[in-house]
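Since every read-out is calculated from the coordinates, none of them should be taken as a lab result. Predicted, not measured: the structure shown is a model, and the values here were computed from it. Glycine gets a Cβ as well: all are built from the backbone with ideal geometry, and neighbour counts include every protein chain shown.
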Ligand code: ATP
């Protein structure tokens with residue numbers, strides 16, 4: 001099966017700093033890939049380059065179409081969606097209004113908004129309970145759910161999640177990972193960036209390790225979990 005996202009030899013620099021140099025990854029439809037790696041390895045930079053937020057060289061392809069000449073809006077239109085690490089919700093707006101914004105990211109909307117929102121509330125019953133509440137009053141886990149829900153409003157074909165577990169208590173992290181698995185089961189391809197390597201590999205199909213701007217290891221998630229090169233530095237093992 002052709003990959004939904006194909007990145008070949010990506011290079012991104014911030015001034016003279018080469019944050020990503022020569023990274024290649026692929027995500028297949030209906031699967032979950034993860035990029036793990038330490039702080040500063042270039043994971044966020046690679047996601048931002050894929051959605052078109054920062055300029056990059058190399059080759060980026062989505063569903064067989066070259067992305068190089070397309071801007072952020074065009075890429076979103078194709079179904080490429082990033083949930084950023086900071087979640088970027090509108091704190092003074094209600095849950096419902098934040099979700100609506102996710103629906104309007106496309107120039108041409110797909111289906112009725114009420115149907116989209118009903119689907120999101122099926123996934124996240126907590127958000128339905130809090131639909132009129134201001135986003136800033138939600139707990140950390142609920143805010144992450146809202147960020148995921150807002151992304152789902154645009155019916156993405158590939159959902160890229162940057163550190164969805166960041167700053168959340170362990171039980172809430174489990175809940176978020178359970179939801180991410182459900183999203184995959186519902187047919188959304190997922191690219192998960194995580195510092196929490198064990199949790200990410202336990203739910204992904206395959207993974208990439210990034211170190212100082214390069215992909216240094218790639219394999220099925222099951223093999224990576226057993227890989228001695230990961231055990232000590234990334235999986236907390238001996
Ligand atoms: P984190 O988990 O901390 O987000 P990461 O693996 O996602 O880490 P990036 O945020 O992509 O790593 O950062 C890669 C490198 O690029 C780091 O050395 C970082 O300091 C640098 N960097 C990131 N953003 C900028 C920026 N806006 N300007 C200059 N350097 C940057």
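Give the distance, in whole Å, between the Cα centre of region 1-75 and the Cα centre of region 141-209.
18 Å
Neighbour counts of other C-beta atoms within 10 Å: give me 36, 179, 190 arranged from fewest to most.
179, 190, 36
With a cut-off of 8 Å between alpha carbons and a minimum separation of six or more residues, what is the relative contact order of region 1-130 in percent?
21 percent
Among 27, 188, 72, 173, which comes first, second and so on when ranked by fewest other beta-carbon atoms within 10 Å?
Ordered by Cβ neighbours within 10 Å, fewest first: 72, 173, 188, 27.
For the chain, find the longest principal axis of its Cα atoms and tell me its angle to the long axis of helix 140-152, 0 to 90°, nearest 10.
On a 0 to 90 degree scale, this one is about 90.
In whole percent, what relative contact order does the chain give with Cα contacts below 8 Å and a gap of six or more residues?
Computed value for the chain: 28 percent relative contact order.
Between residue 53 and residue 166, what is 0.36 nm times their sequence separation minus the Cα-Cα distance? Round to one decimal in nm.
Gain in length upon complete extension: 38.5 nm.
At what distance in nm do the modelled label points of residue 174 and residue 14 sit from each other, each positioned 7 Å from its Cα along Cα→Cβ?
Distance between the two pseudo-spin positions: 3.6 nm.
Separation between the residue 65 and residue 133 pseudo-spin-labels, each 7 Å from Cα along Cα→Cβ, expressed in nm?
3.9 nm
What share of Cα pairs, in percent, lie more than 15 angstrom apart in region 137-235?
Taking all Cα-Cα pairs of region 137-235, the fraction more than 15 Å apart is 63 percent.
Could you check what % of the DSSP bridge pairs in the chain are antiparallel, to the nearest 5?
55 percent
Given a cut-off of 33 Å, what percent of all Cα-Cα pairs of the chain lie beyond it?
Summing the P(r) of the chain above 33 Å gives 15 percent of all pairs.
Angle, helix 113-123 long axis vs. longest principal axis of the chain, Cα atoms, 0 to 90°, nearest 10?
The angle comes out near 60 degrees.
Counting only helical runs of four or more DSSP H residues, what would the 222 nm mean residue ellipticity of the chain come to if each run contributes -39,500 (n - 2.57) and the total is spread over all its residues?
-10500 deg cm²/dmol
Say R0 is 30 Å: what FRET efficiency, to the nearest 0.05, do residue 118 and residue 90 get from their beta-carbon distance?
0.90
Using the alpha-carbon atoms, what tilt in degrees (0 to 90, nearest 10) does helix 170-185 show relative to the longest principal axis of the chain?
Helix 170-185 sits at roughly 90 degrees to that axis.
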